[in-house]
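> Can you read through this structure? Questions will come right after.
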Amino acid sequence: MRRYLQRYIMNKAVISCLEQSVLCWLATASKENYPNVSPKEVFAVYENRSIIIANIASPQSVKNIRTNPKVCLSVIDILVQKGYQLKGTASIISKNEDDFADMAAQLLKLTAGKFPFSEIIKIEVTHSKPIIAPKYILYPETTEASQIESAKNAYGV
């Protein structure tokens, strides 16, 4: 049952969104339940069921995960204003662990070796749900093309 659930959670639409995105936001909480959200730019889908993130400069995220592994990751196309919220359990993979080399190779393709890292944040996704801009709900006639045009105007692009 868990295998089936994992496939459903990380379906083709979620994976495609992650692969096309250049930035995501990782939310963690300390043992005292203080939230922390930080952007991540070196991340990838791993084995179609997990997300891996290079720990380039994330001391607070790593500290929080070590004491409270429950996390939330948001990824969104800022022009279309659609994406996904993914929740799950994170772990820290160090250089001396068996899976590190395989995961690191995937992330190094993204960095071309320009950003050194010795740890990887691995998220086993347990829940996913779409994120959409309120405009799609309030104005059902909104299309992705009109939303892109609106976002470009708002951002001055």
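> So, R0 is 25 Å and r is the distance between the beta-carbons of ILE131 and LEU108; what FRET efficiency does that work out to, to 0.05?
0.30
> Counting residues in the chain as N, plug N into 2.2 N^0.38 Å and put the Cα Rg over that result.
1.11
> Can you tell me the order of 105-113, 89-97, 120-128 when each peptide is scored by its average per-residue count of other Cβ atoms within 10 angstrom, highest first?
120-128, 89-97, 105-113
> Please list log₁₀ I(q)/I(0) at q = 0.24, 0.26 Å⁻¹ for segment 3-94, using the Debye equation with identical point scatterers on the alpha-carbon positions.
Calculated log10 I(q)/I(0) at the listed q: -1.31, -1.44.
> Of all the accessible heavy-atom surface of the chain, with the other protein chains kept in place and a 1.4 Å probe, what percent is carbon and sulfur?
55 percent
> Can you tell me the 0 to 90 degree angle between the C-alpha axis of helix 100-111 and the longest principal axis of the chain, rounded to 10?
40 degrees
> Another one. Roll a 1.4 Å probe over the protein chains and send me the accessible area per residue for segment 16-157 in Å².
58 Å²
> Quick check: the angle from helix 144-155's long axis to the longest principal axis of the chain, C-alpha only, nearest 10 degrees?
80 degrees
> Taking 1 over the mean of 1/r across every pair of different Cα atoms in segment 64-153, what Kirkwood radius in Å do you get?
15.8 Å
The values are calculated or read from the model by the stated rules, or taken from the named source; none is laboratory data. Predicted model, so just to flag it, every value in this text is computed and none were measured. Neighbour counts run over all protein chains shown; Cβ positions are idealised from the backbone, glycine included. Just the protein is used for accessible areas: all its heavy atoms, side chains included, with ligands, DNA and RNA removed. Shrake-Rupley method; radii C 1.70, N 1.55, O 1.52, S 1.80 Å.
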